Structures are given as structure tokens and as C-alpha cells.
Amino acid sequence: MTKVLITGGAGFIGSFLAHKLVKLGRDVTIVDNLSMGRKENIDDIDVTFYQHDVCDHQFMHELLTKREFDYIYYLAAVSSVADSVERPLETHEVNQESVVDTLEYIRKQNLPIKRFLFTSSAAVYGNLPDFPKQEDSHVQPLTPYAIDKYASERFTIDYGNLYGLPTTAVRFFNVYGPRQNPDSPYSGVLSIITKCLKENKPFTLYGDGSQTRDFVYVDDVVNALMTISKQSNEPKVYNVANGGETPLIDVIHTYEKISGKQIKIKFAESRNGDINKSKADISRLKEIGFEPHWSLEDGLKNYWDYYAKK
Ligand code: UD1
């Protein structure tokens, strides 16, 4: 049976990936410290779960040797840009050092992996004028988060080029959907908006709402990851996005219509390091057979229905 490791597998995106892989009959192991992930996200599937920090190198080494995974999906991260600005050193240990340590251990021990996939971020592109963002557009990592994601992504690709490891990296744009944890001020904006709508609480909008994002529904992200991991090409980076661009204020109004509720907006200063415009060119992903199936409106409908049913 194919053995898969998902770090961060109890989190929002990782748990959707875990559900999909279990359905496909894979033997799935998850390492997650539950800092943002939740055990209940994976309670209903048959996986081996370790509540553990990926920064515990000794633990990771033992696990990698013991299980000899075929596929490793590296999703464990402090996923918040703003959090990395507050705690650059702590987030660096998770977002970069743990990744390099894992790659180095695989190399030194000659572990027989079929693919190591690292999840990088659209944050690496920063605020440069190239638009929409292509994988070989210039980068401008503006925050510790973006710097670490970029460095880890380069390490991932280099471990492929220099040492022949089968590696791939993806740059996630703004992923949204059910199970995204809204409980931190640093959580993904759509999870926070959903919670505010549900609980009739005011929403703090940083900036004037004209900042744009390429929002991609989590189902599409999992399908993109499945398509990418089937490739046996040289180490490559793929944008994972919808290919659309929506101002935050428009997203809020669309969501108000869908939910039939109004949200009270409190305007505040833009966040330090925040990006103004974001949109992906997804031609590279389309070339290998991926098509996004979820429009923003359909995705938001599904997201809202999920909470309405709960
Ligand atoms: C997000 C992801 C990051 C990913 C990147 C890729 C999260 C937490 N962050 O960063 O992991 O790598 O996309 O593009 O999912 N905002 C508000 N009010 C709030 C929260 C946010 O106005 O309460 C604003 C932010 O200032 C920002 C926008 O909403 O302008 C999106 O913020 P956020 O969801 O944190 O995502 P990114 O910073 O784009």
C-alpha cells in the first residue's frame, strides 16, 4: 500500500487532502501539533496520527526511517503572514528549518521517496508590477513568512536539482473553505468573515477593501495537488489558484448576498507587509490537466451551506 505522510494534516488544507488520499486507499500518516489544526478534522478517517511538532527533528527522523514514506506532502507551517511579522524567529523554525532538516535527512539516509511536495505561497511575489503572477515572475518576499516560504521552496527545488530527489513545490494563493480555523486574529480572512456573519459580529477590514486576492476553493486545491503529484517531471514550482482576482470588499458583498445577512464593517489601518494585488497565471497547472471547478460564488455558497447545516 502506498504510504503517505502529511505534515500539518489536521489543518484546514491538510485534512481535505488526507480525506481524499484515504478515499483512494492510501496508508496516511499525519504529524500535526494542533496549533491551528484540529483533531476533529480527521476523526472520521482511518489515519495514523501523531500530535507532534515538526521542529522536533529527532522525532521526525525516527518516523521517516521507520515508515519509509512514498509521498511526503509538507503542509505544516505557521500559515499567517501577520503572525510571522510578530514572531519572526519562532515562525522561521517551522517555516524553514524544519523543511530543510527533513530534506537533508532524506538525502543523507537515501530514503526511497517517490515525491516530496512543499507548499509555498503566493506571498513570495510581493508587490511587484508583473501581473498576473507567473511562476517565473520576479519575487519580492516582504515578510518573514514570505522569506521562509521562498527559501524553503528553493531548498526543495535545489534538493531535486543537486541531489536528484523527486521534489515539487506549489505556491498557494488564498485558499478558503469549510474547516478553516477562524479562531485567531491571523486566520484566513474568509474564515473570519464567515464567523462574523454567523455570529452577527462586526468585521475589522484592514485597509479600504480594494486589496485583491485570487481566492481558490479547497476542493480545487486538493485536485491540483493530486494532479501535480502524478507528474514525474523535473523539480518544478506550480501556482495553485483559481486564476481570478477579486477585491476584498466585493467578496464581502457577494458573501452578504449568499448568506442573506449584513456584516458591520469596522475599517482599520492596513496591515504591515500586506499585499495590494494578487492574481495567478495558472497556465502551467492547466498544461498538466487541471481546471478549477469552483467559482468564488459557488465556493462561498458551499462554505455557507456547510455552516448552516452544522
Ligand atoms: C494568505 C494566507 C497565507 C498564504 C497567502 C497566499 C492565511 C491566514 N494566510 O495570506 O498562508 O500563503 O494567502 O496568497 O490564510 N484581512 C482583514 N481582516 C481580517 C483578516 C484579514 O481585512 O480580519 C485582510 C488582510 O489584511 C489582507 C486580506 O484580508 O489584506 C487577506 O488576508 P489573509 O486571509 O490573512 O491572507 P493573506 O495575507 O493574503
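The values are calculated or read from the model by the stated rules, or taken from the named source; none is laboratory data. Just so you know, these numbers come straight off a predicted model, no measurement behind them. Methodologically, a virtual Cβ is constructed for each residue, glycine included, from the backbone with ideal geometry; neighbour enumeration extends over all protein chains shown. With ligands, DNA and RNA removed, areas are computed over all heavy atoms of the protein, side chains included. Shrake-Rupley method; radii C 1.70, N 1.55, O 1.52, S 1.80 Å.
In table form, for the structure just shown:
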{"item": "Residue match in segment 230-250 (condition: more than 27 Å from residue 74 (Cβ to Cβ), outside the structural domain of residue 124 (by TED's automatic domain parsing) and hydrophobic (A, V, I, L, M, F, W, C))", "result": "yes"}
{"item": "So residue 251, is it within 19 Å of the chain's Cα centre (by Cα), at pLDDT 95 or above and closer than 20 Å to residue 191 by Cα", "result": "no"}
{"item": "Residue 197 vs. criteria more than 8 Å from the ligand (Cβ to nearest atom), farther than 30 Å from residue 157 by Cα and open to solvent by less than 10 Å² (accessible area, probe 1.4 Å)", "result": "yes"}
{"item": "Among (1) at pLDDT 95 or above; (2) crowded, with 19+ Cβ neighbours inside 10 Å; (3) within 17 Å of the chain's Cα centre (by Cα), the one test that residue 227 misses", "result": "(2)"}
{"item": "Residues of segment 79-125 satisfying the condition of being within 16 Å of the ligand (Cβ to nearest atom), open to solvent by 20 Å² or more (accessible area, probe 1.4 Å), outside any helix (DSSP H, G or I) and modelled with pLDDT of 95 or more", "result": "87"}
{"item": "Candidate set: segment 255-289, residues that are of a type in the set (Ser, Thr, Tyr) and within 16 Å of the ligand (Cβ to nearest atom); chosen: the one most open to solvent (accessible area, probe 1.4 Å)", "result": "270"}
{"item": "Residue in segment 222-231 that is hydroxyl-bearing (Ser, Thr, Tyr), near the ligand (Cβ under 10 Å from one of its atoms), out of contact with any Leu (no Cβ under 7 Å at 6 or more places or on another chain) and farther than 20 Å from residue 297 by Cβ present", "result": "no"}
{"item": "Pairs, first on the phi > 0 side of the Ramachandran plot and outside any helix (DSSP H, G or I) in segment 243-258, second open to solvent by 20 Å² or more (accessible area, probe 1.4 Å) and not β-branched (Val, Ile, Thr), C-beta under 8 Å, six or more apart", "result": "243/132; 243/279; 243/281; 243/292"}
{"item": "Number of the condition not met by residue 149 [criteria: (1) assigned by TED's automatic domain parsing to the domain that holds residue 106; (2) within 8 Å of the ligand (Cβ to nearest atom); (3) over 30 Å from residue 24 (Cα atoms)]", "result": "(3)"}
{"item": "Lone unmet requirement of (1) touching a residue at least 12 places away in the same chain (Cβ under 8 Å); (2) buried (at least 19 other Cβ atoms within 10 Å of the Cβ); (3) of a type in the set (A, V, I, L, M) for residue 192", "result": "(1)"}
{"item": "Residue that is surrounded by the fewest Cβ atoms within 10 Å (Cβ to Cβ), among those in segment 160-187 that are within 12 Å of the ligand (Cβ to nearest atom) and in a strand (DSSP E or B)", "result": "174"}
{"item": "Subset of segment 60-78 that is part of a loop (DSSP other than H, G, I, E, B) and of a type outside the set (Phe, Trp, Tyr) - its residue that is surrounded by the fewest Cβ atoms within 10 Å (Cβ to Cβ)", "result": "68"}
{"item": "Candidate set: segment 230-254, residues that are touching a Gly at 6+ places or on another chain (Cβ under 8 Å) and under 16 Å from residue 135 (Cβ atoms); chosen: the one surrounded by the most Cβ atoms within 10 Å (Cβ to Cβ)", "result": "235"}
{"item": "Residues located in segment 200-221, provided they are more than 13 Å from the ligand (Cβ to nearest atom) and on the phi > 0 side of the Ramachandran plot", "result": "200"}
{"item": "Any chance residue 18 is free of Cβ contacts under 8 Å to residues at least 40 places away in the same chain, within 19 Å of residue 118 (Cα to Cα) and open to solvent by less than 40 Å² (accessible area, probe 1.4 Å)", "result": "yes"}
